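**Q** Input: one structure, supplied below.
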Amino acid sequence: MPSTTRRNRRRDTPPPRTGSTASEVLRGFLDYLRSSIAAKVDGAPEPQARTAAVPSGTNLLGLLHHLTLVERSMFLGDDVTDWQATFRAAPTDSVADVVARYRDAVERANDVLDGCTDLGAPVPRPRPDRPAPSIRWALTHMIEETGRHAGHADILRELIDSTTGR
């Protein structure tokens, strides 16, 4: 197992200080987790970033690719038919490609959320054939989903090159 060196430690950041409304708190924590996982994947070495470190096949690049598609499905209305396949980035995708696509999906999702003032209202998305969850539910789900995979990414990145912290 690689030893942790001072060079591989990132400064850890505390949870965000947000506004006082429920929306500001939820969005603040979601953005905190989003930036944490993007930073964890950004700069990860190839091919280790896509190499499975556990028997399930989970890898750092696949986690971020999956979260990109979750963001796009939840807030932009993209249809995903095989969620298991979303845990694998294309062989031609670089770490920078996947990170850029994730950041773009987050930016586009935030554009949608900026227009949402009622947490009880459904997520506005272009899929009238499926009922949309409330903004509150979507934000809470995305905090859970992103936090869970950010924790996985923390462990995977440390196994790759001993990088720790956010």
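**Q** Could you check the simple spin-label distance between residue 83 and residue 141, using points 7 Å along Cα→Cβ, in nm with one decimal?
**A** 0.8
**Q** With a point put 7 Å past each Cα toward its Cβ, work out how far residue 155 is from residue 97 in nm, to one decimal.
**A** With each label placed 7 Å out from Cα toward Cβ, I get 2.8 nm.
**Q** Next up: Quick one: helix 60-76 against the long Cα principal axis of the chain, what's the angle to the nearest 10°, folded into 0 to 90?
**A** It is inclined by approximately 10 degrees.
**Q** Could you rank the peptides 134-146, 28-40 by their average count of other C-beta atoms within 10 Å per residue, with the highest value first? Present the calculation step by step, with values, prior to reporting the outcome.
**A** Working: 134-146: 18.5, 28-40: 20.3.
By packing density, highest mean first, the sequence is 28-40, 134-146.
**Q** Something else about it: Mind listing the phi-derived Karplus ³J(HN,Hα) values for the range 33-39, rounded to whole Hz, using 6.51, -1.76 and 1.60 with θ = phi - 60°, and x for any glycine or proline?
**A** 5, 4, 5, 5, 6, 4, 5
**Q** Restricting things to Cα coordinates, could you compute the convex hull volume per residue of the chain in Å³? Before the final figure, lay out each step's value.
**A** Working: hull volume 18.3 nm³, N = 166.
Enclosed volume per residue, from the Cα hull, is 110 Å³.
Each value in this text was obtained by applying a stated rule to the coordinates, not by laboratory testing. Just so you know, these numbers come straight off a predicted model, no measurement behind them. Every residue, glycine among them, receives a Cβ derived from its backbone with ideal geometry; neighbour counts consider all protein chains shown.
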